[in-house]
Every structure is written in structure tokens, then in C-alpha cells.
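Data first, discussion second: the structure below is written as C-alpha cells.
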Amino acid sequence: MSDSNATCNGHNLGATNGDAHGTNNGCGINQHSNVPAVADPYAYLASNIPADTCGGVYPQEPIKHNDSALPVSNQWSGSYTLSGYKVVCGDQQMTANTTISATSNAVLVIENGRLDTNGFTFQSGPNSGLTIVFTGDPTNTTYQHYPSGSGNPSGSGTLDIAAPTTGTWKGMVLYQDPNLTDAGGPPGQSRCHRGRQHADLGPHGHGVSAAFQRHFQRRGQQGKQRIILFWPDRGRHYDQRHRRHFIQHAMRRRRSYPPNEHDWSRIFGQLMPSLEENYPPAPAVMPSPDLMRGLTRPSSPAVSVLDARLNPRT
């Protein structure tokens, strides 16, 4: 459900129903527009978010080589015991698997920052209940407010959290302040988070606030807009420019690869910089073995057929 418009390019997300208060353009198997807006049933919880105590300082993960590293206070590893409200400032990054013991329930409030699993597991301990709240300045879109795995090259990581079973935040694992009308994405919205994140809700949880659901819906749609580089058997589903660009570069470099060698890292290491100059980054989907074998043999039917299809001669 989108409380405004919904646009999906290249894939309908596979959802049975796609509902939009405005116009639904390609989202869901059954697509509905002009659906009545749905009020956030958890908006009342926002009044329980404690005041910002960060003094305007919100450390962010470095993006460029000369950016400052996160302070040690923003790096997590090992075991911690929390109770009540714990306010932290800016991005929080795992440097090892992390376990939170909160036997009397706890709320981790992240001001103007992400929770970056960085390829590790962030989990609640036995008999613990934890809610993670993302909040901050709604007028400053520089900051991002969501869990991610962006610190790890594979974009992976795990959230394994049990929600509190009693109290104000009962059943809530992740909550995004509804005042954050824009969750704040990476610069240029050029990447989508790909973390294998899940929340262990148990039998008690509704789990994720409506604001968070809308955020992940937007991020999912943006992710689906990335064009998969190349897959010959399904090429008709993807953008012609990407296929042509991939083939042209691969054909120029085919002599540098010994026959039958499938050195994916070297192939993509050479191709991706050129691709990223012309197109937004896309998920790295490996070409089929038949295609790559064909690239080592100029007379291969696989290449000649593909070349004819992508470069028709009149």
C-alpha cells in the first residue's frame, strides 16, 4: 500500500495486490489506484520517542577516502546489556556479531543514522525484548534512517530481534518516526540495500511500523528499477542498451581470456567501471556459462546469434 503514487519499472514486485492512494504504475499482480489512504495505526507511538540528546553531532559512515572514520562509540561488537531507552547519535556499525541483552525490555533510539550490520548479526539475547527506533530531523535529507548492510561488500547482514512482549512498545521490532516523510536514501539514490535482514517477531509481533513499511516499499521499488546487466535467455525483459553495452565490451576483451576460463571477478572488474560511467549501478547477475564460453570462440553460435539479435543488419 502506498499513500501516494506507486511506480515499479521492470518488475511488479511479485505482490498479489498493489494498492496506491494515487496512481499505481506497474506495482503488484493486481494493481489498484485511487485507493483510500490508510492511516498509520502506530503513529501514536511517536510521542514516546525521547528528546534528542546528541547536541547536533551525528557521525556518519565515511563515503570518501578522506572522510573521518566512525568514532569507536558508534561501533558495536560483542555483548551489551540495555534497559529503558538508549539514545545513540548518527550511524551505528557492527564490527562483529552483536548481542543485546534486554530482559526487562529496551528501546534503542538512533538519531539521524542507520544501523549497519556490515555483514554481521545483530540480535537480541534470550528472554530479551528490543525495539529499534529511527528518528531525527525531518527537514534534513542528508541523513538516512533505516537498517542496512552497506558497510559490507556483499551488502549482507542479519537482524534477529525479538520484540518486547509487554509495555509501550509491545510487539514492535522496528519503528520509524512518522515525521520522517523521507527516509533519506544514499546519495543519488544509486544503490539499494540488499541485506538478508529479518526480524524474529515470534508469536507476538506486528513488527514493523507503517512508516517503515512505506520506506521499504519505496526502496524495493527503487531496487527493482535497477536493470540487471545481462541474462541471454531472458534478455527481452531488460533494457536493450545494457545488453548491447555489455556485449560490445565483452567482445572487445574476449581475446584476453583463455578458452573455458570463467574468471568472473576479472571480467566484471574490467566491465563494471565502464558500465557505471553510463548507467546506474545494477545487481551483479552473472552471464550464463554458454555466453562466456562463446566469448572465447569467435565462431560460437551463441555469440553469432546474440550479435545478430542485438546488432541487426539491414
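The values are calculated or read from the model by the stated rules, or taken from the named source; none is laboratory data. The shown structure was predicted, so the numbers you read here are calculated from the model rather than taken from an experiment. Cβ atoms come from the backbone with ideal geometry, glycine included; neighbour counts cover every protein chain shown.
Observations
- Residue satisfying all of: in segment 162-185; modelled with pLDDT of 90 or more and β-branched (Val, Ile, Thr); surrounded by the fewest Cβ atoms within 10 Å (Cβ to Cβ) among these: Thr166
- Among the residues of segment 4-59, the one identified as at pLDDT 95 or above and of a type in the set (Phe, Trp, Tyr) is Tyr58.
- Residue that is surrounded by fewer than 20 Cβ atoms within 10 Å (Cβ to Cβ) and among the β-branched types (Val, Ile, Thr), where the choices are Thr135, Thr103: Thr103
- Some residue of segment 73-93 being over 22 Å from Asn105 (Cα atoms) and among the hydrophobic types (A, V, I, L, M, F, W, C): no
- Some residue of segment 58-66 being within 20 Å of the chain's Cα centre (by Cα) and crowded, with 17+ Cβ neighbours inside 10 Å: yes
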